[in-house]
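Participant: Quick one: the structure is below, and I'll ask about it shortly.
The values are calculated or read from the model by the stated rules, or taken from the named source; none is laboratory data. Just so we're clear, the structure is a prediction, and the values are computed from it rather than from any experiment. Backbone-built Cβ (ideal geometry, glycine too); neighbour counts: all protein chains shown.
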Amino acid sequence: MNEIKTEEMKLLKKRYRLLYSLLTAGLIMLSCSDKTTKDSIESKLSNLSGSYLGQEQPGTTPKIFAPGIVSTGLPERDLTISPDGNEIYFTVQLGRDYDYRSCIVCVKQINGLWSKPEVVSFSGQYSDIEPFIQPDGKKMYFASRRPIVEGVENKGRYSIWYVDRVGDGWGTPKPVGEPITGEGMVCYASITKSGTMYFTKMHEDGNEFIYRSKFVDGKFTTPEILPENININESQWNACISPDEDYLIIPSYVEGYNYGSADYYVSFRDENDNWSDLINLGEKINSPGLDFTPSISPDGKYFFFQRMNWTENLDGKILNYNDLVNIHNGRGDIYWVDASVITDLNPNK
C-alpha cells in the first residue's frame, strides 16, 4: 500500500472541518422541534425491552442502530455498552470546527424498560467524546477538551479522561495523566480484557498514530507505537481493539484502496504479537463519506460503527424539514453488524 501524500491529507482534513461547518443551520431548526422529538422517542421506547435496546439483531448486512432513538437527524458517533448490556452510551456532536460542543449521552434499561436519552452527569459543560467502558465495567474512559489545570483553557486539544463507577452512576472525571498524556493530543481510548489501552496520539507536527500502553501493577506503562503495517502513513486515528486483543479496527485513508474519505480497516494479531497487514472492510461497511468511530460490543458479537452517508441526487429537489433532519443525511449515524464480517477475514484462520 502506498503512503498517502501530504496534500491529500490536507484535503481530507479540510473536508472534515467543512462537514462540521455545515451542521449549524440544521441544528438551529432542530431546536424548534425539541418537544416533538422527545415525545417521538418516548413513544418508540415504550414498546422496547431486552438487550441492545430491544432492536432486531443484524446479520452480515449493516443496519442503522436504534433509528429515531440513538441514530436520528443529529450527528451521532462513539458507541459503548456496559458489560451487563443495560447501559448504552454514545456521543452527540454539535456546532462546527473547534467551536463545537459534544456531549456523552446515555440510555439505560431499568426494570426491563429503556429510558429516554439523557446527557450523563459529568458531561454537558465541555466538549466530551469517545466514551469507552472497560471490560470489567469499573471505569469509563473518554476524550475531553476540559481544562486539565483549573482555569487554563484547553483550546482544540483533547486529552483522555476517566470516571470510576460509583453505584449505578459515575464519579468525578479525572485525567488519565502520565505516561499516556504527554506532548501532543491523545484520544480514542479502548481497553482489552487484560487492561491494555490502545489510543490515538497526535504528534506536534499534526501527524496521528496508534499507540498502546499495558496495565501492569496498577498503572499504565510507557506507551509504544504500533508497527508500520498498522501506522502505514501519517494519519491513523480512532482505532478500536477487540476485547481479546486479537484484532484492531483502524480508520484510515489509503490511496487506491478506499471507498470514501476514510475507511475502516482491520489488522489481526497472532499469539506472538505479530500484526497482519491492513484489510479494508469493504463497501458493505464503508461509505463514500468519512467513517471514523468503530467499537465492538462487550461480548464481541457485534461491530458498531459510525458512517456518513451523503444525501444523493438533490439536483432540482425542493427540500423540506424532514429532508434536513432525516437519517442518511451525511451528518453521521451509528450502524451495527455481526462481527463475523471482521473475524471471517482473519488470514490466520
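Participant: Which numbered condition trips up Pro243, out of (1) out of contact with any Gly (no Cβ under 6 Å at 6 or more places or on another chain); (2) on the phi < 0 side of the Ramachandran plot; (3) touching a residue at least 12 places away in the same chain (Cβ under 8 Å); (4) not small (Gly, Ala, Ser)?
Facilitator: For Pro243, the failing item is (1).
Participant: Could you tell me whether any residue of region 237-250 is over 28 Å from Met308 (Cβ atoms) and either in contact with a Pro (Cβ under 9 Å, 6 or more places away or on another chain) or not charged (D, E, K, R) (or both)?
Facilitator: Among the residues of region 237-250, not one is over 28 Å from Met308 (Cβ atoms) and either in contact with a Pro (Cβ under 9 Å, 6 or more places away or on another chain) or not charged (D, E, K, R) (or both), which makes the answer no.
Participant: (1) surrounded by 20 or more Cβ atoms within 10 Å (Cβ to Cβ); (2) more than 17 Å from the chain's Cα centre (by Cα); (3) of a type in the set (Val, Ile, Thr): which one isn't true of Ile191, the others all being true?
Facilitator: (2)
Yes/no per residue for (1) surrounded by 14 or more Cβ atoms within 10 Å (Cβ to Cβ); (2) out of contact with any Leu (no Cβ under 7 Å at 6 or more places or on another chain); (3) over 22 Å from Val107 (Cβ atoms):
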site: Met140; (1), (2), (3): yes, yes, no
site: Ala143; (1), (2), (3): yes, yes, no
site: Arg165; (1), (2), (3): yes, yes, no
site: Asp168; (1), (2), (3): no, yes, no
site: Lys174; (1), (2), (3): no, yes, yes
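Participant: Next up: Quick test of your reading of the structure: Gly59 fulfils all but one of (1) under 22 Å from Ile133 (Cβ atoms); (2) more than 17 Å from the chain's Cα centre (by Cα). Name the failing condition by number.
Facilitator: (1)
Participant: How do the pairs read when you match residues in region 75-101 that are at positive phi with residues anywhere that are modelled with pLDDT of 90 or more and in a strand (DSSP E or B), using Cβ under 7 Å and keeping only pairs 6 or more apart or on different chains?
Facilitator: Asp78/Phe90; Asp78/Thr91; Asp78/Ile129; Asp78/Glu130; Asp78/Pro131
Participant: Just checking, how many residues over region 227-273 are over 19 Å from the mean Cα position of the chain (by Cα), assigned to a strand (DSSP E or B) and aromatic (Phe, Trp, Tyr)?
Facilitator: Count: 1.
Participant: Only one of Glu228, Glu224, Glu234, Glu204 is acidic (Asp, Glu) and in contact (Cβ under 8 Å) with a residue 60 or more places away in the chain. Can you tell me which?
Facilitator: The unique qualifying residue is Glu234.
Participant: Also, I was wondering about something else. Got at least one residue in region 300-310 being without any contact (Cβ under 8 Å) to a residue 24 or more places away in the chain, over 20 Å from Ser190 (Cβ atoms) and either surrounded by fewer than 20 Cβ atoms within 10 Å (Cβ to Cβ) or touching a helix residue (DSSP H, G or I) at 6+ places or on another chain (Cβ under 8 Å) (or both)?
Facilitator: Narrowing region 300-310 to residues without any contact (Cβ under 8 Å) to a residue 24 or more places away in the chain: 310.
From what is left, the residues that are over 20 Å from Ser190 (Cβ atoms) are 310.
Subsequent filtering for residues that are either surrounded by fewer than 20 Cβ atoms within 10 Å (Cβ to Cβ) or touching a helix residue (DSSP H, G or I) at 6+ places or on another chain (Cβ under 8 Å) (or both) retains 310.
Among the residues of region 300-310, at least one is without any contact (Cβ under 8 Å) to a residue 24 or more places away in the chain, over 20 Å from Ser190 (Cβ atoms) and either surrounded by fewer than 20 Cβ atoms within 10 Å (Cβ to Cβ) or touching a helix residue (DSSP H, G or I) at 6+ places or on another chain (Cβ under 8 Å) (or both), which makes the answer yes.
Participant: So, of the residues in region 154-195 that are of a type in the set (Phe, Trp, Tyr) and touching a Cys at 6+ places or on another chain (Cβ under 8 Å), which turns out to be nearest to Phe132 (Cα to Cα)? Break it down stepwise before answering.
Facilitator: Residues of region 154-195 of a type in the set (Phe, Trp, Tyr): 158, 161-162, 170, 188.
Checking which are touching a Cys at 6+ places or on another chain (Cβ under 8 Å) leaves us with 158, 188.
Working: Tyr158: 15, Tyr188: 8 Å.
Once the filter is applied, the top-ranked residue is Tyr188.
Participant: Within region 58-82, take every residue that is aliphatic (A, V, I, L, M) and assigned to a strand (DSSP E or B) and give me the one that is surrounded by the fewest Cβ atoms within 10 Å (Cβ to Cβ).
Facilitator: Looking at the filtered set, the residue picked out is Ile64.
Participant: Related question: Please identify the pairs in which a residue from region 147-174 that is more than 14 Å from Phe122 (Cα to Cα) has its Cβ atom under 8 Å from the Cβ atom of a residue that is hydrophobic (A, V, I, L, M, F, W, C) and at pLDDT below 95, counting only partners at least 6 apart or on another chain.
Facilitator: Asn154/Ile148; Arg157/Met185; Tyr158/Met185; Ser159/Ile148; Ser159/Met185
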